[in-house]
């Protein structure tokens with residue numbers, strides 16, 4: 001890891017601060033008329049996603065952390081781990097189910113996901129922004145019930161339950177935005 005100072009800050013840069021990996025959301029160099037210069041920053045904790053404001057004296061040194069993202073293909077879940085394969089080297093990686101967390105509801109076999117590494121440590125896993133999932137269970141819709149924006153619950157092939165329009169039936173394939181669970185369109 002290389003040492004950098006506040007003069008080297010760039011938005012999106014990853015640093016180690018108080019033993020935590022943080023990305024710089026924004027920063028501002030301030031040179032008051034009286035006293036020393038300082039830097040106001042907003043740092044996002046990579047593991048928790050929390051954004052916190054910090055102020056540092058100009059010239060403060062930090063450890064820079066290199067982040068590597070890898071596109072990997074989701075293979076299967078063996079009960080305790082989710083198994084992924086690197087598409088370049090065909091190396092397989094097992095990721096604990098607790099670490100995968102909520103992202104599991106968007107993972108379908110053979111879909112790609114992005115794994116983010118800081119050095120050799122896996123720090124986050126993100127599914128694709130849009131996924132196509134099949135509806136496996138829902139109540140039938142009524143003919144002509146398309147005039148209003150009414151929604152009904154539907155269970156998708158990964159087990160997640162979403163609110164879908166009433167015209168959606170079992171067997172339909174829907175495109176879903178994984179950021180908020182919204183149905184984009186019927187495929």
When the label point is put 7 Å from the Cα of residue 121 along its Cα-to-beta-carbon vector, which residues of region 31-57 have a backbone N closer than 11 Å? 46-47
Value of [θ]222 nm, deg cm²/dmol, for the chain, DSSP H segments ≥ 4, -39500 (n - 2.57) each, nearest 500: -500 deg cm²/dmol
Hey, what's the per residue convex hull volume over the C-alpha atoms of region 94-187, in cubic angstrom? 99
Answer rounded, prolate or oblate for the chain, using the Cα gyration tensor with square roots of eigenvalues a ≥ b ≥ c: rounded when a/c is under 1.5, else prolate when a/b is larger than b/c, else oblate. oblate
Report Rg/Rh for region 131-186, rounded to two decimals, where Rg is the Cα radius of gyration and Rh the Kirkwood radius. 0.93
Relative contact order (percent) for the chain, with alpha-carbon contacts under 8 angstrom and 6 or more residues of separation? 14
Using alpha carbons only: equivalent-ellipsoid semi-axes of region 2-64, gyration tensor based, whole Å: 20, 13, 9
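Laboratory data are not the source of any read-out in this text; all were calculated from the coordinates shown. Just so we're clear, the structure is a prediction, and the values are computed from it rather than from any experiment. Neighbour counts run over all protein chains shown; Cβ positions are idealised from the backbone, glycine included.
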